[in-house]
Amino acid sequence: MEPETKASDGELYPIRTVSALTGVNAVTLRAWERRYGLVQPRRTPKGHRLYSRADIERIRRVLQLLERGISISQARRVLEAEEAAAGDPAGPWQQYLGEMLDAVIAFDDAALEAVYNQVLSLYPVDLAFKRLVVPLLERLGRRWETGEGTVAEEHFFGVYLRNKLGARLHHVGADRERPRLLAACMEGELHEVGLVLFTLRALEQGFRPVLLGADMPLDELAEAARRSRSAAIVLSGSERLDWEERGERLARLIGAAGRPVFVGGGFSVRHGAAITQAGGVALGDDIDHGLRQIGERLSAVA
């Protein structure tokens, strides 16, 4: 039996105390140590295990990862990546980001796929999207805004990313508990980087996006939402789009949709009052805040 910890141990805890605090039994804790190296407790002269507060927090983090569907064999990689990022925010990700950006600029799909596959051989897909794909999307968006990049770069990576997004949607499966969101760029909006980024975040937040992409005629979306059984329509548009050219059709869509219509991006910042007056919901340009608004509105409707 493991000894009780004492004050002189410097806040160290025996295995049965750790088991009670975390809900992980002693046999499992020993296996996590021996097989996977997830925790490395100290030992007393007699060989009894003593765990620090940091060890306990690490065990709780492992439980969170398991709840997200990450296997125990992958958990160590995730922990190491998170801890490396805490000490060095760039870590290996800056190198991967640079290599993928170079591949996009050169329109080299083979190089792009090689880097992505290398990352997935080391890290789970959720971490790869968070630390690599999302920052690359943001970088491409900034390149276009400053004139350094081109629309062709965005479209090239957009096609590649759509394939990966499709694979993730297939992994999620036909989960009927996930509310569907019909996501499209407004008429005249050719840049879908923001919309794809929103779609990825929505997938992470428990929604099931139906991505239509750039320059969608507003008059077609009500029928598309009905056929796809979407709980809401989400539109993306940049600040440069004029209300006069599409306000009437947007109001008509809101009236015909039979479900909430959300509008995000710079367009919703510039024309928020008009969107609200037409019966829509202006989300602004903060994706996470917008997703919270969508979740709250859909919960209220339900």
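The values are calculated or read from the model by the stated rules, or taken from the named source; none is laboratory data. None of the values given here were measured: they were computed from a predicted structure. Cβ: placed from backbone, ideal geometry, glycine included. Neighbour counts: every protein chain shown.
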Checking Gly295 against (1) modelled with pLDDT under 90; (2) over 26 Å from Glu244 (Cβ atoms), which single condition isn't satisfied? (1)
Please give the number of the condition Gly147 fails out of (1) surrounded by 14 or more Cβ atoms within 10 Å (Cβ to Cβ); (2) at pLDDT 80 or above; (3) more than 30 Å from Ile72 (Cα to Cα). (1)
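Out of all the residues in the stretch 120-150, which are β-branched (Val, Ile, Thr) and touching a Lys or Arg at 6+ places or on another chain (Cβ under 9 Å)? Step through it out loud before you land on a result.
Step one: filter the stretch 120-150 for residues β-branched (Val, Ile, Thr), giving 125, 133-134, 146, 150.
Selection gives Val125, Val133, Val134, Thr150.
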Which condition does Ala85 not pass, out of (1) touching a Gly at 6+ places or on another chain (Cβ under 6 Å); (2) at pLDDT 90 or above, if it passes all the others? (2)
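For residues that are among the polar types (S, T, N, Q) and touching a strand residue (DSSP E or B) at 6+ places or on another chain (Cβ under 8 Å), scanning just the stretch 31-81, find the one that is surrounded by the most Cβ atoms within 10 Å (Cβ to Cβ). Walk me through how you get there before you give the answer.
Quick first cut of the stretch 31-81, residues among the polar types (S, T, N, Q) only: 40, 44, 52, 64, 71, 73-74.
Still in the list and also touching a strand residue (DSSP E or B) at 6+ places or on another chain (Cβ under 8 Å): 44, 52.
Values: Thr44: 13, Ser52: 18.
Among those that are among the polar types (S, T, N, Q) and touching a strand residue (DSSP E or B) at 6+ places or on another chain (Cβ under 8 Å), it is Ser52.
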Val39 fails exactly one of (1) assigned to a loop (DSSP other than H, G, I, E, B); (2) at pLDDT below 90, namely (2)
Is it the case that the stretch 211-224 has a residue that's among the small types (Gly, Ala, Ser), modelled with pLDDT of 95 or more and touching a Lys or Arg at 6+ places or on another chain (Cβ under 6 Å)? no
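Within the stretch 150-195, take every residue that is assigned to a helix (DSSP H, G or I), among the aliphatic types (A, V, I, L, M) and in contact with a Phe, Trp or Tyr (Cβ under 9 Å, 6 or more places away or on another chain) and give me the one that is modelled with the lowest pLDDT. Working first, answer last.
Filtering the stretch 150-195 for residues assigned to a helix (DSSP H, G or I) gives 151-172, 193-195.
If we keep only those that are among the aliphatic types (A, V, I, L, M) as well, we get 151-152, 159, 161, 165, 167, 169, 172, 193, 195.
In the following step, the residues that additionally are in contact with a Phe, Trp or Tyr (Cβ under 9 Å, 6 or more places away or on another chain) were identified as 151-152, 193.
On the way: Val151: 80, Ala152: 87, Val193: 73.
Out of the qualifying residues, it is Val193.
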Residue under question is Asp242, and the condition is that it be in the same structural domain as Ala224 (by TED's automatic domain parsing), modelled with pLDDT under 90 and within 29 Å of the chain's Cα centre (by Cα); does it hold? no
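Taking Ile287 as the residue in question, decide whether it is under 21 Å from the mean Cα position of the chain (by Cα) and either surrounded by 16 or more Cβ atoms within 10 Å (Cβ to Cβ) or of a type in the set (Ser, Thr, Tyr) (or both).
Numbers: under 21 Å from the mean Cα position of the chain (by Cα): yes; either surrounded by 16 or more Cβ atoms within 10 Å (Cβ to Cβ) or of a type in the set (Ser, Thr, Tyr) (or both): yes.
Yes: the conditions hold for Ile287.
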Can you find a residue that is buried (at least 17 other Cβ atoms within 10 Å of the Cβ), assigned by TED's automatic domain parsing to the domain that holds Gln74 and at pLDDT below 90 anywhere in the stretch 6-20? yes
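Quick grid of which residues meet (1) among the hydrophobic types (A, V, I, L, M, F, W, C); (2) in a helix (DSSP H, G or I):
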| site | (1), (2) |
| --- | --- |
| Leu63 | yes, yes |
| Ser73 | no, yes |
| Arg77 | no, yes |
| Val104 | yes, yes |
| Phe107 | yes, no |
